[in-house]
Amino acid sequence: TLLPPFLGALCVLCFLWVLNEIFNRKRIRTEQPSIVRGSDHRLLYETLQVIMFLVGMCLAVSVLIECGAMQGLHDWAENLVPNIYIFSVIMGFLSALMDNVALVLTGINVYDIIPAEAVSDAHSSLFAQNGAYWHLIIYCGIVGGLLLPIGNTAGYALMRSEDMDMWWYVKHITGKVLIGWALGLAVYFLMA
């Protein structure tokens with residue numbers, strides 16, 4: 001077909017996901033899937049869902065790279081937000097509203113890793129292997145995703161299992177996460 005390999009993998013993943021939904025539709029409709037089968041099978045089902053979600057995210061980012069959307073985001077970031085520190089914090093706040101795994105994968109793929117021999121100035125050293133940009137985008141994306149429970153799958157699972165609403169989380173948890181995030185960034189800047 002002359003298509004990139006990840007498109008075939010994405011089609012197979014979609015097919016497997018549909019089959020999983022068909023075979024497990026009774027468990028999906030119930031509030032307590034563990035009643036239908038033992039806990040070992042429930043764990044297997046949930047693990048399969050998480051694996052398919054993460055593989056799907058990786059393949060979706062590959063689609064964005066292939067269609068040129070990442071290059072557009074790179075150009076936008078270079079023109080409007082050339083400071084990687086501000087860009088990382090913006091991505092962190094966005095990951096509170098969207099899934100933090102998707103935002104971290106996106107942030108990682110916006111810039112290319114610059115080989116060590118090609119580093120010529122302080123700005124390019126930020127994008128070298130193990131450079132400051134990679135630390136910041138991962139830290140801000142993951143911690144920013146904890147600002148709201150909808151920013152990560154663990155927060156969503158917590159809301160569902162504990163019957164907790166988002167406003168309780170914002171009232172009791174978000175401020176503490178924001179303070180911890182700011183302190184972590186301060187420590188990072190002091191050590192850098």
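The values are calculated or read from the model by the stated rules, or taken from the named source; none is laboratory data. Small disclaimer: the values here were computed from a predicted structure and weren't measured. Here Cβ is always computed from backbone atoms with ideal geometry, including for glycine, and neighbour counts include all displayed protein chains. The protein model used for the area step is the full one, side chains on, heavy atoms only, and it has no ligands, DNA or RNA in it. Shrake-Rupley method; radii C 1.70, N 1.55, O 1.52, S 1.80 Å.
Between residue 66 and residue 7, full extension at 0.36 nm per residue minus the direct alpha carbon distance yields a gain of 20.2 nm.
Can you figure out the FRET efficiency of residue 138 with residue 159, using R₀ = 35 Å and their beta-carbon distance, to the nearest 0.05? It would help to have the intermediate numbers written out before the result.
Numbers: r = 24 Å, r/R0 = 0.70.
With a Förster radius of 35 Å, E is 0.90.
Computed over protein heavy atoms with a 1.4 angstrom probe, the accessible surface ordering of 137, 108, largest first, is 108, 137. On a 0 to 90 degree scale, rounded to 10, what angle separates helix 132-144 from the longest Cα axis of the chain? Approximately 40 degrees, to the nearest ten. Between 0 and 90 degrees, the angle of helix 69-80 with respect to the longest Cα principal axis of the chain falls at about 40 degrees.
Taking all protein chains as shown and a probe of 1.4 angstrom, residue 135 keeps an accessible surface of around 80 Å².
With respect to the chain, whose longest principal axis is taken over its alpha-carbon atoms, helix 100-110 is tilted by about 40°.
Could you compute the net charge surrounding residue 60? Neighbours are other residues with a C-beta less than 14 Å from the C-beta of residue 60; K and R count +1, D and E count -1. Kindly include the intermediate steps, with their values, before the conclusion.
Numbers: positive: none; negative: 66, 99.
Counting the neighbours of residue 60, the net charge comes to -2.
What is the gain in length, in nm to one decimal, between residue 125 and residue 186 on full extension, counting 0.36 nm per residue of separation less the C-alpha to C-alpha distance? Mind dumping the intermediate values first?
On the way: separation 61, 0.36 × 61 = 21.96 nm, distance 2.05 nm.
Net length gain for the segment: 19.9 nm.
A 1.4 Å probe run over the range 124-192, with the rest of the protein chains in place, finds 60 Å² accessible per residue.
The charge dipole of the chain, taken about the Cα centre with unit charges on the Cβ atoms of Lys, Arg (+1) and Asp, Glu (-1), comes to about 780 debye, rounded to the nearest 20. Adding -39500 (n - 2.57) for every DSSP H run of four residues or longer, then dividing by how many residues the chain holds, sets the calculated 222 nm ellipticity at -22500 deg cm²/dmol.
Length available on full extension from residue 179 to residue 166: 0.36 nm per residue minus the Cα-Cα distance, which gives 2.8 nm. Taking all protein chains as they are arranged and a probe of 1.4 Å, the heavy atoms of residue 120 leave approximately 100 Å² accessible to solvent. Calculate what fraction, in whole %, of the accessible area of the chain sits on carbon and sulfur atoms when a 1.4 Å probe is rolled over the protein chains. That fraction is 69 percent.
Projecting the Cα atoms of 53, 82, 116 onto the dipole axis of the range 35-192, where Lys and Arg carry +1 and Asp and Glu carry -1 at the beta carbon, places 53 farthest toward the positive end. Principal axis analysis of the Cα atoms in the chain yields extents of 60, 53, 26 Å, listed in decreasing size.
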